[in-house]
Each structure stands twice: as structure tokens, then as C-alpha cells.
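Student: I have a structure I would like to understand better, so I am pasting it below and will then ask my questions one at a time.
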Amino acid sequence: MNPANTETIDMHAMQFAGKLLLRSEIPLDDDLFQQLVSSGYFKPFPAITRKFFQHQCTRCGNQDSSLFAKIPCSTCKKEHLYCRKCIEMGRVMECEALYQWTGPVPDWQTFENPCSWGGQLTDRQQLAADRIVQAIERKEKELLVWAVCGAGKTEMLFPGITEALKLGKRICLATPRADVVRELLPRFREAFGNVTIQGLYGGSEEKAGTAQMILATTHQLLRFQHAFDVQIIDEIDAFPFHADPSLPFAASRARNPDSTTIYLTATPRKKQRMQIASKKLEHIFVPTRFHGRPLPVPKLRMCFSLKKDLTNYVPPKVFIRWIQSRVNPKRQLLLFVPTIELAEKMRRELTKRLRDLGLLDEEKAITSVHASDPDRAEKVQQFRQKAIFMLLTTTILERGVTFPSVDVVVFDAGHVVFDEAALVQIAGRAGRSPDDPAGEVLFLHDGKTDAMVEAVKSIVAMNRRGGFR
């Protein structure tokens, strides 16, 4: 095959443009690949560089010496450094290169009317949507959309994405968690039926990353470089994005120099709030949910026997009393616990107690889920379809998933894993449907923490800004 053939080059451009790949990730035979390198269509970069006595991984930006290690190389028959930080994306070795496509770039399709969504935005949603459109049209560098849980951030994006597609731009929506990608994909494919959309996350069937619109976990951005004209980073305050420097590093590299980045969050961190206050970060604020009702305010309940109960994997009596008298017993229950062990081991005792009280019909009505659960996606879908009455979960479901009618309970809300942002997001799982906008939220604790107090204050403040007293 002649690598200079125009049709072939265009095909390779569509496949490789905007990416930074290991040789093993480029599915071309060696002869063709070497011809493309020699002809200048692929540019190699050292996978690990050394500067001022410090190593850096080119792919993830890691400079932490403890996250580099040596391994015997079967090709060179020597020991070489490799980066442990991004090992899950494929091993980056000191003796290897990363390759960027430097040939012609694809001309992305322009669409006359790409969005078929027939819904109606509220006045506040429309203001935010118009501001997003403006940022994309003006090629503004950054815009933060600060919208409360349940404000309808996804729908607010549709006009901006529509404008970007009309202009022939390439778009990426990146989010910290695979569950969110799986939930958003069908919604975006329904709203933009004529646009090719791919979802990239660990274990996804789609691997190419060649579509005009990409929905991906933020880790997947490690394989992109100067790829996107519009980049949307969902939940910028969420773990792991805010706690892992390699992810903002990858997100910054993945966008084109004149691109627009839209940040989405319901709970901006101190850094973003300081940038907003000092007018270094443009933002638009949406203080109300799409259905116009206030955010549920959590109730804090003291439980002196909490640590003992959880050590024995039994539900606290405070919880049992509450579940017997809650306002709407037909609501499903989303129960957050601080550890995987609790999520897995408390299910049996909870099932027994609730069956004894006549609150549970069958044993399978309660299940648990966590990040390393291989059936996680299936269980979440079953809960959404109301095949499960109660779902015990870790913070993996604190954000990005929507259930129409749930009450929310946190066991040991004072645990270190439940910071202010997590508790606000957890409370935001309740009351998301216009048919049931007032779910109950209960924080069980054996001593109030600053995170709990500040989370409640934040929710009350949001309601006040939304016009609720």
C-alpha cells in the first residue's frame, strides 16, 4: 500500500488524528507504519523524558519518582524505567516512543439541524444554555457552569453542542466515572441521532475514538492530543479528576489551542470559587432544579451505637425507626456506606431485619454495588427499573446517576470519605423527578463533622439563591 495515496492518508487521518499512542495501539503492519513515520505522517516522542534530574511521563505528566519503576525489556535486553501511574492504559517504557499523527487532519462534518430533542428549557436553563453557545461562538477559553444537583445540566448543553456541530467542530464530553458515560450515551444518541457518537471507558466495546462526538471517562483523555474544538468536563470537583494531576494535564493537552472548555459542577471546590471571586474564571450560575422545587435538606440524626452496629454489620435502630415512619414508603432506598466491606456484608442482615418487619417482599430486593463490582452496570440498571428496593453503595453513585423516586440515607456520614462535596452530591440524588420532588435525606452519625454542617449550609444557601425560604 502506498502511504502517500490521498485516500489512504485521509483514512489514516480519521483514525489517528488528535491522538498520542503507543506503537502497540496503532494497528498497522510494520512496513506501512515505518513508511508513514519516514514520510512525516507520524511523529515520535520520547515516552519518558529526563529534565533537571527528574523523569516525566510524556503521556500522563507524572513526575513522582515513586511512581516509576524498572523492568527488564525483552526488546533491548536491558532494564528500563516504566510509568506506574498510567499503567492501566498500557505500559509506557523509557525505550519506547509515543506517536502523534502529523499528517492532514479530518474536516469534520457540518450539520444544519443536528439536535432532535423536543424538550423545553426553563428560563434559568435557557440563560445558561445561551451563555454556553456564546462561549463556543466566541471561542472563549473557559466557562464554568455552576448548577445545583438536578438542574438539568445535560439538557443545557444541547444548544451549545448543536451550535458546535453546525460549525463543524469536534466535541468531547469527559466525566470522571464510567457509570455516567453509560447513562449519558443513549440520551445523546437520541438527541443527536444523525451524529456519530462513541463512548470510551474501561471495558467499553468501542475503542476507536474516531467519532465527531466523544463521551469518555477523563482517563481516556490520556490518549488524545490537540483533538477537540469543544471540550466539556463534567463534575470537575469529583474524584479522581480534582485529586489526580494527570487528568487535568490530559484534559488540557486533548483540546485544540483555540478550543473552548466548558466545566460543569454542582459543588465547585475552593480553587474554582477563588477563581470566580477574582474574575479569573467566567461562570454562569443556575440555582434551581429544572422542576422548580427546592433541594431536599438533609436531616442529621445522632446514633450513639453507630460504630458498634456497623462493626457487626447491623443497621442502626435509628434507621429502623425512620424506615418504619418515613413519609413515602413506596420510594426506593439508596443507602450510602463508607466502605466496600460494609456494602457487601450488611446486605444480608438488612434483608433479614426488613423482612421480619414486613417491609420487604423477597430477598433479592436488596443488593450492593461498588467500584470493583463486575455487575455494577447491571445492578444500577435494575435499580433504575425498580427491580431492586434498596441499593447499598459506596460513593461510586454519589453523582452522575438519576433515579426518579428515592430516599437517601448515609451510614456514618462523619466518615472521612464523605467530604462536603460528596454529601451535597449524595443529597442531590433525592427529589429529582417532578412527580416526586421531595425525597428524604438522612445523615446518620455519632458526632457532627464540619463536612456535614457545611453540606447542609450549602444546600440551604442554594435554596435561598433559588428563591426558597
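The values are calculated or read from the model by the stated rules, or taken from the named source; none is laboratory data. These figures come from a predicted structure and were not determined experimentally. Cβ coordinates were reconstructed from backbone atoms using ideal geometry, including for glycine residues, and neighbour counts include every protein chain displayed. Surface accessibility is based on the protein's heavy atoms, side chains included, excluding ligands, DNA and RNA. Shrake-Rupley method; radii C 1.70, N 1.55, O 1.52, S 1.80 Å.
Student: Got a sec? Which of GLY202, GLY152, GLY168 is modelled with pLDDT under 95, out of contact with any Lys or Arg (no Cβ under 7 Å at 6 or more places or on another chain) and farther than 27 Å from SER372 by Cα?
Tutor: None of the others qualify; the one that does is GLY152.
Student: Quick one: would you say ALA243 is out of contact with any helix residue (DSSP H, G or I) (no Cβ under 7 Å at 6 or more places or on another chain), closer than 28 Å to GLU398 by Cα and not hydroxyl-bearing (Ser, Thr, Tyr)?
Tutor: Judged against the criteria, ALA243 is a match.
Student: Moving on to the next point. Looking for whichever is surrounded by fewer than 22 Cβ atoms within 10 Å (Cβ to Cβ) and in contact with a Phe, Trp or Tyr (Cβ under 8 Å, 6 or more places away or on another chain) here; the options are HIS283, HIS291. Which one fits?
Tutor: HIS283
Student: Hey, another quick one. How about region 294-326: which of its residues are touching a Gly at 6+ places or on another chain (Cβ under 9 Å) and open to solvent by 50 Å² or more (accessible area, probe 1.4 Å)?
Tutor: Across region 294-326, the qualifying residue is only MET302.
Student: Give the number of residues within region 6-46 that are open to solvent by 90 Å² or more (accessible area, probe 1.4 Å), within 30 Å of the chain's Cα centre (by Cα) and touching a residue at least 40 places away in the same chain (Cβ under 8 Å).
Tutor: Residues flagged as open to solvent by 90 Å² or more (accessible area, probe 1.4 Å), within 30 Å of the chain's Cα centre (by Cα) and touching a residue at least 40 places away in the same chain (Cβ under 8 Å) within region 6-46 amount to 1.
Student: Then there is this: Restrict the check to region 426-436 and report whether at least one residue is more than 20 Å from LYS153 (Cα to Cα) and open to solvent by 10 Å² or more (accessible area, probe 1.4 Å).
Tutor: no
Student: For region 153-188, enumerate the residues that are open to solvent by 20 Å² or more (accessible area, probe 1.4 Å) and among the acidic types (Asp, Glu).
Tutor: If the condition is that a residue be open to solvent by 20 Å² or more (accessible area, probe 1.4 Å) and among the acidic types (Asp, Glu), then GLU155, GLU163, GLU183 are the ones that fit.
Student: Select from region 448-469 the residues that are touching a residue at least 60 places away in the same chain (Cβ under 8 Å) and under 15 Å from HIS415 (Cβ atoms) and write down the one among them that is surrounded by the fewest Cβ atoms within 10 Å (Cβ to Cβ).
Tutor: For region 448-469, the residue satisfying everything is LYS448.
Student: Being among the basic types (Lys, Arg), outside the structural domain of LYS19 (by TED's automatic domain parsing) and touching a residue at least 60 places away in the same chain (Cβ under 8 Å) is the requirement here; does ARG273 meet it?
Tutor: Taking the combined requirement at face value, the residue does not satisfy it.
Rundown of residues vs (1) farther than 30 Å from LEU423 by Cβ; (2) charged (D, E, K, R); (3) at pLDDT 95 or above, yes/no style:
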site	(1), (2), (3)
GLN100	yes, no, yes
PRO104	yes, no, no
ARG131	no, yes, yes
GLN134	yes, no, yes
VAL181	no, no, no
